[in-house]
Amino acid sequence: MRSLETHLVSEPERLIRLLTPAFQDTPHDPGYIKGYVAGVRENGGQYTHAALWVVRAFAELRRRDRAAKLLSLLSPVSHAGNAEHARLYKVEPYVVAADVYGVEPHVGRGGWTWYTGSSGWMYRVAVESVLGVTLERGDTLVVQPCVPDDWPGYKLRWRPPGRDDTVVEIAVQNPGGCSAAVVRATLDGAEIAPRDGTVRVGLPAGPGVHRLEIQLGAGR
């Protein structure tokens with residue numbers, strides 16, 4: 001991951017390359033990707049499926065300083081912060097692009113939009129890896145945030161699969177400016193003891209809106 005940060009992550013260009021340098025004018029045959037122009041899709045560009053797994057990997061390593069920041073970098077909105085960026089990106093800044101070009105003169109130009117599985121992975125990585133909300137064994141709600149220390153908190157409404165009559169409102173607060181671990185949690189006012197910086201709670205039995213309140217801190 002240190003090598004990846006050094007060679008593949010480019011914050012000024014707002015992309016995470018799949019590999020570098022691109023294959024070009026070489027007798028070596030890496031397979032079908034050599035059929036792409038240098039810097040396009042898998043041949044040295046950002047392949048967003050893989051780039052999102054980079055975010056997931058940093059979250060698994062508990063690199064909360066990097067995971068959310070890189071997820072924000074991959075957001076299409078980041079490519080349209082001003083008119084110059086939008087002209088460079090050239091595609092819709094409100095849908096995920098499967099690839100972003102990675103070699104001059106087209107660095108930062110968006111590729112294949114709309115028809116991409118990357119959007120599904122962006123949603124899952126955002127909810128599961130960064131906000132830390134997952135379902136375990138189909139009956140246990142698990143919350144293990146991996147957000148930066150400077151986040152004051154966040155909220156989301158989560159609906160258990162197949163339970164159209166049930167909503168869990170999750171409210172996470174970070175009053176001390178340290179998001180290392182879950183230090184306190186309540187479900188509908190009842191205390192839940194966190195374990196190893198994580199809260200695990202059985203899905204509420206009854207329908208309606210249930211409130212899970214979580215406080216982050218330094219932990220042990």
ask   = Compactness ratio of the stretch 90-164: Cα Rg over 2.2 N^0.38 Å, N = residue count?
value = 1.47
key: Additional length obtainable on full extension of the chain from R211 to S75, 0.36 nm per residue less Cα span   = 46.1 nm
note = Largest fluctuation, R64, R163, R41 only, Gaussian network model of the chain with Cα springs under 10 angstrom, belongs to R163
query = Semi-axes, largest first, in whole Å: what does sqrt of 5 times each Cα gyration tensor eigenvalue give for the stretch 132-217?
reply = 22, 12, 12
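Over the chain, what is the relative contact order in percent, taking alpha-carbon pairs closer than 8 angstrom and at least six residues apart? Write down the numbers at each step before the final one.
Details: 447 pairs, mean separation 32.6, N = 220.
The normalised contact order for the chain reaches 15 percent.
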task = In whole Hz, with x marking every Gly and Pro, tabulate ³J(HN,Hα) for the stretch 182-187 from phi via Karplus 6.51 cos²θ - 1.76 cosθ + 1.60, θ = phi - 60°.
result = 6, 10, 7, 8, 9, 10
key: Neighbour-count order for Y47, Y32, fewest beta carbons within 10 angstrom listed first   = Y32, Y47
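At 0.36 nm per residue, and after removing the present C-alpha to C-alpha distance, how many nm does the segment from L61 to R2 gain when stretched out fully?
Extending this stretch completely gives an extra 20.1 nm.
Please label the shape of the stretch 1-67 as rounded, prolate or oblate, based on the square roots a ≥ b ≥ c of the eigenvalues of the alpha-carbon gyration tensor (a/c under 1.5 means rounded; beyond that, a/b larger than b/c means prolate, else oblate). Write down the numbers at each step before the final one.
Numbers: a/c = 2.49, a/b = 2.31, b/c = 1.08.
Taking the square roots of the gyration eigenvalues as a ≥ b ≥ c, the stretch 1-67 is prolate.
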ask   = So, in nm, how far is label W114 from label V142 when the simple model puts each one 7 Å beyond its Cα toward the Cβ?
value = 3.8 nm
message = In the chain, if the dipole is taken from +1 on Lys/Arg beta carbons and -1 on Asp/Glu beta carbons about the Cα centre, which of Q173, S72, V147 is farthest to the positive end?
response = Q173
ask   = Taking the simple approach of a point 7 Å from Cα along Cα-to-Cβ for both D149 and H28, what is their distance in nm?
value = 4.1 nm
ask   = So what J values fall out for the stretch 57-66 if you push phi through Karplus, 6.51 cos²θ - 1.76 cosθ + 1.60 with θ = phi - 60°, rounded to Hz, Gly and Pro as x?
value = 5, 5, 5, 4, 7, 6, 7, 5, 6, 10
remark   = the stretch 2-122: Kirkwood hydrodynamic radius (Cα pairs, Å) comes out at 14.5 Å
request  = Would you mind ranking T48, T26 by Cβ crowding within 10 Å, fewest neighbours first?
outcome  = T26, T48
task = Give the distance, in whole Å, between the Cα centre of the stretch 155-220 and the Cα centre of the stretch 36-96.
result = 29 Å
ask   = Using modelled amide H (1.01 Å from N, peptide plane; none on Pro or chain starts), what sits under 5 Å from the amide H of V199, excluding residues fewer than 5 places away?
value = V143
inquiry  = Among (i) 25, 21, 18; (ii) 43, 23, 13; (iii) 38, 18, 16, only one was calculated for this model; which label is it, if the read-out is semi-axes √(5λ) of the Cα gyration tensor in Å?
reply    = (iii)
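For a footprinting-style exposure proxy, rank D164, D188 by other Cβ within 10 Å, fewest first.
Going from sparsest to densest Cβ surroundings: D164, D188.
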ask   = Measuring from a point 7 Å past the Cα of L203 along Cα-to-C-beta, which residues in the stretch 99-141 have an amide N at less than 14 Å?
value = 134-141
query = When the Karplus curve 6.51 cos²θ - 1.76 cosθ + 1.60 is applied with θ = phi - 60°, which whole-Hz ³J(HN,Hα) does each residue of the stretch 168-173 get, with x for Gly and Pro?
reply = 10, 8, 9, 10, 10, 10
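Every read-out reported here was derived from the displayed coordinates using simple, explicitly stated rules and does not represent laboratory data. It should be emphasised that the depicted structure is a prediction, and the values quoted were computed from it without experimental measurement. Every residue, glycine as well, gets a Cβ built from its backbone with ideal geometry; the counts of neighbours run over all protein chains shown.
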